[in-house]
Amino acid sequence: MGDSEEIAPAVESILATARERGGADGRVDVEPRSLTDAFADAEADGRVPVIAEVKPTSPTAVGERTEDPVALAEQMVEGGAAALSVLTEPEHFGGSAATLARIREAVDVPVLRKDFVLHEEQLDVVEADVILLIVRFLDEPGTGDLADLLSAARERGFQVLVETHTADELARAVEAGAEIVGVNNRDLAKLAVDLDTFERVAPDAPEGVTLVAESGIQSPADVARMRRAGADALLVGSAIMDHGAPAEETDVTANTRRLTTATTTHE
């Protein structure tokens, strides 16, 4: 990220703590569940491929979910989620590696580790099927090289979701060898959401790259919009977790099903 680009204070804080976090003893060796196969299975079953996110809280969330995350994950799978995303960042998102391990043991769908991984040793924290690498925060002083981290993750068995926000970042991801690319509708520098982002960036993706639309997807209409723009899958957190509502009024299964059964055309 260029020095001249203003970064939201919350993101600065997240990055500062991420730079200080280490890894774990030993090296992770993963036998992953296939994310792309899970997407294909969902399509074959007439469902929209959705990665549903277990996110207790976030700097942009209103409120916090305190229910058992394993129960929430199981409800998401019951609602048709093709895969799950689990936050492991503790200070700002309320996540943990232990929570991811519990969820992955309890479900049979692929599980993405959602965190700010900046150095190779941070890959060796917990077994997951997929790991997230964010282009915007790599290849900078004090962080790892995107291509090197991508290779290191694959050596451990991880599939990798490489997150982008601009056409330039998409090009960097593809050049580094990314096969599954997320386009985040949330500008991580300013935390603002704009669904136009995916529509602008997606056409630049080469054939064969699996595209995931991330953030800001709240309704079946949003699902349809992202699918028409070329999204192979969607990553959805807040619309399913519904952080602002009381737990007794939140039906995570129904929230997930509402999005996975949306009538869409994938172009």
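Among the residues of region 161-193 satisfying the criterion of being β-branched (Val, Ile, Thr) and open to solvent by less than 10 Å² (accessible area, probe 1.4 Å), which is farthest from Gly230 (Cα to Cα)? Looking at the filtered set, the residue picked out is Val162.
Scanning for something among the β-branched types (Val, Ile, Thr) and part of a loop (DSSP other than H, G, I, E, B), does region 38-58 turn up at least one residue? Yes, region 38-58 has at least one match. Within region 125-162, being under 21 Å from Ala16 (Cβ atoms), touching a residue at least 60 places away in the same chain (Cβ under 8 Å) and not hydrophobic (A, V, I, L, M, F, W, C) holds for Arg136, Glu140, Gly142, Thr143.
Taking region 151-267 and the helices (runs of 4 or more DSSP H) fully enclosed by it, the elements with 2 or more residues that are within 30 Å of Glu120 (Cα to Cα) are at 167-176, 196-201.
Inside region 194-231, can you point out the residues that are within 14 Å of the chain's Cα centre (by Cα) and either open to solvent by 60 Å² or more (accessible area, probe 1.4 Å) or charged (D, E, K, R) (or both)? If the condition is that a residue be within 14 Å of the chain's Cα centre (by Cα) and either open to solvent by 60 Å² or more (accessible area, probe 1.4 Å) or charged (D, E, K, R) (or both), then Glu214 is the only one that fits. Could you figure out which of (1) within 20 Å of the chain's Cα centre (by Cα); (2) open to solvent by 30 Å² or more (accessible area, probe 1.4 Å); (3) at pLDDT 95 or above isn't true of Ala71? Of everything listed in (1) within 20 Å of the chain's Cα centre (by Cα); (2) open to solvent by 30 Å² or more (accessible area, probe 1.4 Å); (3) at pLDDT 95 or above, Ala71 misses just condition (3). Looking only at region 123-150, count every residue that is crowded, with 18+ Cβ neighbours inside 10 Å, of a type outside the set (A, V, I, L, M, F, W, C) and not in a loop (DSSP other than H, G, I, E, B) and tell me the total. Of the residues in that region, 1 qualify. Give me the pairs, please: first residue somewhere in region 191-208 and under 19 Å from Ala8 (Cβ atoms), second residue anywhere and part of a strand (DSSP E or B) and open to solvent by less than 20 Å² (accessible area, probe 1.4 Å), beta-carbon distance under 8 Å, and either six or more positions apart or on two chains. Note: pairs meeting the criteria are Thr197/Val183; Thr197/Asn184. State yes or no: is Pro32 in contact with a strand residue (DSSP E or B) (Cβ under 8 Å, 6 or more places away or on another chain), under 26 Å from Val174 (Cβ atoms), of a type outside the set (A, V, I, L, M, F, W, C) and open to solvent by 10 Å² or more (accessible area, probe 1.4 Å)? For Pro32, the condition - in contact with a strand residue (DSSP E or B) (Cβ under 8 Å, 6 or more places away or on another chain), under 26 Å from Val174 (Cβ atoms), of a type outside the set (A, V, I, L, M, F, W, C) and open to solvent by 10 Å² or more (accessible area, probe 1.4 Å) - is met.
Scan region 92-122 for residues that are modelled with pLDDT under 95, farther than 19 Å from Arg27 by Cα, part of a loop (DSSP other than H, G, I, E, B) and open to solvent by 30 Å² or more (accessible area, probe 1.4 Å) and the total you get is 1. Determine if region 82-90 includes at least one residue that is of a type outside the set (Lys, Arg), open to solvent by less than 30 Å² (accessible area, probe 1.4 Å), under 18 Å from Ala24 (Cβ atoms) and in contact with a Phe, Trp or Tyr (Cβ under 9 Å, 6 or more places away or on another chain). Checked region 82-90: at least one residue is of a type outside the set (Lys, Arg), open to solvent by less than 30 Å² (accessible area, probe 1.4 Å), under 18 Å from Ala24 (Cβ atoms) and in contact with a Phe, Trp or Tyr (Cβ under 9 Å, 6 or more places away or on another chain).
Among the candidates Ala73, Ala24, the residue that is outside any strand (DSSP E or B), in contact (Cβ under 8 Å) with a residue 24 or more places away in the chain, touching a Leu at 6+ places or on another chain (Cβ under 6 Å) and not β-branched (Val, Ile, Thr) is uniquely Ala73.
Selection within region 252-267: residues that are of a type outside the set (Ser, Thr, Tyr) and at pLDDT below 90. The member of this set that is least open to solvent (accessible area, probe 1.4 Å) is Ala262.
Report whether or not Thr197 is modelled with pLDDT of 95 or more, of a type in the set (S, T, N, Q) and out of contact with any Leu (no Cβ under 7 Å at 6 or more places or on another chain).
Values: modelled with pLDDT of 95 or more: yes; of a type in the set (S, T, N, Q): yes; out of contact with any Leu (no Cβ under 7 Å at 6 or more places or on another chain): yes.
Yes.
Here Val50 fulfils each of the conditions (1) open to solvent by 30 Å² or more (accessible area, probe 1.4 Å); (2) at pLDDT 95 or above; (3) closer than 16 Å to Ala254 by Cα apart from (1).
The values are calculated or read from the model by the stated rules, or taken from the named source; none is laboratory data. Just so you know, these numbers come straight off a predicted model, no measurement behind them. We place every Cβ from the backbone using ideal geometry, glycine too, and count neighbours over all the protein chains shown. Note: accessible area is taken over every heavy atom of the protein model, side chains too, but ligands, DNA and RNA are not part of it. Shrake-Rupley method; radii C 1.70, N 1.55, O 1.52, S 1.80 Å.
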